[in-house]
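Here the structure is laid out as structure tokens; the discussion comes afterwards.
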Amino acid sequence: MNILHTYIIGKYIKTLAFISMLLGIIIAVFDLSEKVTDFIHSKAPLSQIVLYYINFLPFFLSQFMPLLIFLVSATVTSGLAKKNEIITLFISKQNYTDVFKPYFLVILAIGAFNFIATGYLIPPMSKKKIEFLDKYVHEKWVNGNSNFHLQIDSLNSLYFQSFDNINHVGYNMSIAVFDTSRRLIKKVEAEKATYLVDKKTWKLNSIKYKTATERGDNYAFVLEKDTVMDIDLSDFDRPIEDYSVLNNTELDRYYVRQKNKGAPELENILVEKYKRISNSISIIIMGLLGISISFRNDRKGMGNVIFLGILLCFSYILLQQFTTISVIKANLNPLIGVFSLNIIYLIILWILYKIYKF
């Protein structure tokens with residue numbers, strides 16, 4: 001790595017640090033203004049509030065990283081172009097590859113780090129963030145809702161009229177067993193089901209068995225019984241609504257588990273998985289996009305091209321939300337819905353490359 005590479009990479013990293021810090025402060029101020037009353041009422045310690053924002057900000061910065069990288073690329077490149085430093089480099093017979101190699105290396109490194117961060121570093125921080133919010137901002141969640149349904153697997157379903165996730169007790173339980181043709185072949189009902197933590201078994205009270213046979217239904221009644229059921233207590237916890245708390249390995253396991261249960265949320269999980277990859281790719285695309293529109297010191301002014309770039313960035317964010325909704329609501333293939341934007345913006349980048357010839 002020569003002096004030129006060191007100079008450009010150093011300038012790039014300093015600009016990224018400054019813009020990220022500025023955006024982080026803005027996000028923190030807006031979030032604090034919204035939650036300050038809750039912090040006061042719950043008497044949240046200052047140290048815990050500071051830790052909350054340490055865990056809170058990386059997720060948002062990672063989501064806005066494509067826009068940040070575009071702004072940094074455009075700022076650094078236009079600054080060099082405005083001072084005629086790029087022209088000077090070419091006059092001194094520096095080739096294109098040598099000038100833009102440090103750009104590509106630093107953008108590629110940031111994209112790779114963002115993938116690792118969103119996949120493995122940010123999820124545990126998101127968990128701590130949610131734990132803080134549950135303790136000091138949100139009301140304590142109790143699974144006291146009636147009519148609790150759980151798909152154990154493709155052939156077995158569980159129902160509780162109500163379940164207390166604090167004491168691990170469910171009332172008016174029933175388990176329905178189906179054959180491969182979705183015909184009910186067995187049903188188990190119990191007035192009360194208690195999970196015994198020390199034995200890792202379920203204690204059922206006032207049990208009624210119903211078994212379908214060729215001659216009709218057979219019934220059996222048992223007063224009390226300890227049994228093992230393929231149910232995890234975590235199934236009765238608050239449903240996972242924010243998949244950012246799961247790292248890539250946990251997300252894959254959760255997908256397999258939900259698929260085996262026949263859960264309807266599989267598209268949401270795949271969208272989260274693919275977005276982590278797509279977001280890292282878009283960092284590279286937006287970084288090169290920022291370079292492409294800022295490379296030439298246009299006499300008509302850089303304002304127009306910068307405006308075009310920002311418009312493209314925000315349109316990317318809006319279209320990303322649109323495709324996510326399309327996957328969930330319109331049954332669009334998650335792979336197509338997420339990565340189609342990368343393909344579209346690669347085409348736009350190629351067109352801009354031809355126009356500005358950077």
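When you have a sec, figure out the Kirkwood radius of region 307-349 from all distinct Cα pair distances and drop it here in Å to one decimal? Let's see the in-between values first.
Working: mean 1/r = 0.0931 Å⁻¹.
In region 307-349 this quantity evaluates to 10.7 Å.
Do any of K128/K199; K129/K186; K135/K199; K14/K135; K128/K259 go past 32 Å between their Cα atoms, and which?
Long pairs (Cα-Cα over 32 Å): K129/K186; K14/K135.
How far is the Cα center of region 184-251 from the Cα center of region 307-358, in Å?
Computed from Cα coordinates, the inter-centre distance equals 45 Å.
Taking each pair of distinct Cα atoms in region 154-215 once, what is the resulting Kirkwood hydrodynamic radius in Å?
Working: mean 1/r = 0.0791 Å⁻¹.
Roughly 12.6 Å, rounded to one decimal.
Calculate, for the chain, the solvent-accessible area per residue in square angstrom, rolling a 1.4 angstrom probe over the heavy atoms of the protein chains.
Details: 20580 Å² over 358 residues.
With all protein chains present, the chain gives 57 Å² per residue.
As a test question: what accessible area, to the nearest 10 Å², does D226 have when a 1.4 Å probe is rolled over all protein chains in place?
Around 80 Å² of this residue is reachable by solvent.
For region 100-134 and region 1-51, what is the separation of their C-alpha centers, rounded to whole Å?
Using only Cα atoms, the two centres lie 14 Å from each other.
Estimate the FRET efficiency between Y219 and N331 by the formula 1/(1 + (r/R0)^6), using the beta-carbon distance for r and 35 Å for R0, to the nearest 0.05.
The computed FRET efficiency comes out at 0.25.
Evaluate the chain: find the radius of gyration of its Cα atoms, find its Kirkwood radius, and give the ratio Rg to Rh.
Radius of gyration over Kirkwood radius for the chain works out to 1.13.
Report the relative contact order of the chain, percent, no decimals, based on alpha-carbon pairs under 8 angstrom and at least 6 residues apart.
Relative contact order for the chain comes out at 19 percent.
What do you reckon, how do M173, M229 stack up by accessible area (1.4 Å probe), largest on top?
Accessible-area ranking of M173, M229, largest first: M229, M173.
The values are calculated or read from the model by the stated rules, or taken from the named source; none is laboratory data. As the structure is a prediction and not an experimental result, all values here were calculated from the model. Backbone-built Cβ (ideal geometry, glycine too); neighbour counts: all protein chains shown. Just the protein is used for accessible areas: all its heavy atoms, side chains included, with ligands, DNA and RNA removed. Shrake-Rupley method; radii C 1.70, N 1.55, O 1.52, S 1.80 Å.
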